[in-house]
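Some notes on the structure that comes next.
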Amino acid sequence: MDSRQTQEPVISLEGVTKNFGNDIMALDNVSLNVPEGQFLALLGSSGAGKSTLLRHVCGLHRPTRGAVRVLGVDVRTASERMTRRLRCRIGFIFQQFNLVGQLSVLENVCSGALGRLSGPRLGLFSYSSRLRREALEHLDRVGLADQAFQHAGTLSGGQQQRVAIARVLMQRPAVLLADEPVASLDPDSAQTVMRLLHDIVRDKGVTLVSSLHQMDLALSWADRIVGLQRGGIVLDTPAGALNTDTVMGIYGNAASSR
């Protein structure tokens with residue numbers, strides 16, 4: 001038996017329902033446990049609830065009903081201070097990178113440490129030499145140490161996403177959330193980013209939950225696949241036990257039920 005199954009889950013959702021107004025149910029009685037060091041891929045059509053689920057994990061949304069616990073914190077009842085502390089331990093990777101294009105790659109990466117620093121920073125050399133060295137190590141990991149002093153806006157999409165990953169690693173997160181992290185990338189860049197995320201999970205023991213539309217990438221890199229349909233879980237299976245035809249059923253059933 002995998003020893004992770006005997007540990008308290010890093011992420012736990014129990015009967016989570018989220019209503020927006022009277023007519024929109026974004027999540028419908030979702031229960032899910034994610035152990036430490038697992039790469040979980042969320043699949044489903046647009047509007048299935050993937051992004052809403054991720055936002056519950058990092059405390060951007062609170063459930064209408066049910067419980068969310070992340071790293072031992074009850075997200076629904078946590079104070080603002082506790083929620084801020086929790087978010088410092090959760091790295092979020094976005095589809096659109098969210099880099100400051102006119103700043104250097106290195107300064108963008110250094111900014112990932114702001115949550116564990118006091119006071120603002122202005123300019124690369126307002127960060128300590130220790131932090132700059134740490135940022136360079138993360139850039140080396142993502143294969144971009146030689147681009148450290150380039151303006152971030154001059155890089156390709158795939159390179160910018162790797163910079164965004166290096167920036168997240170500066171947080172020293174225990175949990176990584178990724179919302180369609182390769183949706184805007186070409187196939188080769190998407191494979192590079194997914195391999196990088198996979199290796200981070202393996203090497204650092206980070207727990208990763210990522211929403212994806214690319215079934216082949218989910219099957220190739222994730223440990224586990226959870227399918228969502230109209231806010232509810234319709235599939236929860238180890239990736240190795242699935243094939244493309246089975247996963248396609250998540251989308252086919254959703255389309256036929258409209």
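Would you confirm whether any residue within region 40-48 is within 27 Å of Q214 (Cα to Cα) and touching an Asp or Glu at 6+ places or on another chain (Cβ under 8 Å)? Break it down into steps so the answer makes sense when it comes.
Keep residues of region 40-48 that are within 27 Å of Q214 (Cα to Cα), which gives 40-48.
Subsequent filtering for residues that are touching an Asp or Glu at 6+ places or on another chain (Cβ under 8 Å) retains 40.
Looking through region 40-48, at least one residue is within 27 Å of Q214 (Cα to Cα) and touching an Asp or Glu at 6+ places or on another chain (Cβ under 8 Å).
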Next on the checklist: I want to confirm something. Restricting to region 101-131 and keeping residues that are in contact with a strand residue (DSSP E or B) (Cβ under 8 Å, 6 or more places away or on another chain) and outside any helix (DSSP H, G or I), which single residue is surrounded by the fewest Cβ atoms within 10 Å (Cβ to Cβ)?
Outcome noted: Q102
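Hey, can you tell me all the residues within region 132-147 that are of a type in the set (K, R) and part of a loop (DSSP other than H, G, I, E, B)?
Of all residues in region 132-147, those of a type in the set (K, R) come to 132-133, 141.
Result: no residue meets the conditions.
Restricting the search to region 15-46, which residues are without any contact (Cβ under 8 Å) to a residue 12 or more places away in the chain and within 12 Å of R230 (Cα to Cα)?
Taking region 15-46 as the starting set, the residues that turn out to be without any contact (Cβ under 8 Å) to a residue 12 or more places away in the chain are 20-24, 46.
Those that are without any contact (Cβ under 8 Å) to a residue 12 or more places away in the chain and within 12 Å of R230 (Cα to Cα): I24, S46.
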Checklist entry - When you scan region 148-255 for strands (runs of 3 or more DSSP E) that lie fully inside it, which ones turn up with 3 or more residues that are touching a residue at least 24 places away in the same chain (Cβ under 8 Å), crowded, with 18+ Cβ neighbours inside 10 Å and touching a helix residue (DSSP H, G or I) at 6+ places or on another chain (Cβ under 9 Å)? => result 175-179, 207-211, 224-229
Next on the checklist: Residue under question is R141, and the condition is that it be surrounded by fewer than 22 Cβ atoms within 10 Å (Cβ to Cβ) and either acidic (D, E) or on the phi < 0 side of the Ramachandran plot (or both); does it hold?
Outcome noted: yes
Item to check | Single match in A48, A41 (criterion: surrounded by 14 or more Cβ atoms within 10 Å (Cβ to Cβ) and more than 15 Å from the chain's Cα centre (by Cα)) | outcome: A48
Checklist entry - Here are some residues: L53, L86, L60, L42. Which one is in a strand (DSSP E or B), among the hydrophobic types (A, V, I, L, M, F, W, C) and at negative phi? => result L42
Checklist entry - Being hydroxyl-bearing (S, T, Y) and over 23 Å from R87 (Cβ atoms), is that true of even one residue in region 200-207? => result no
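Working carefully through the options V109, V70, V75, find the one that is among the hydrophobic types (A, V, I, L, M, F, W, C), under 21 Å from R172 (Cα atoms) and not assigned by TED's automatic domain parsing to the domain that holds T237. Break it down into steps so the answer makes sense when it comes.
Numbers: V70 fails: not assigned by TED's automatic domain parsing to the domain that holds T237; V75 fails: not assigned by TED's automatic domain parsing to the domain that holds T237.
Of V109, V70, V75, the one residue that is among the hydrophobic types (A, V, I, L, M, F, W, C), under 21 Å from R172 (Cα atoms) and not assigned by TED's automatic domain parsing to the domain that holds T237 is V109.
The values are calculated or read from the model by the stated rules, or taken from the named source; none is laboratory data. These numbers come from a predicted model, not from an experiment. Quick reminder, even Gly has a Cβ in these numbers, built from the backbone with ideal geometry, and neighbours come from all protein chains shown.
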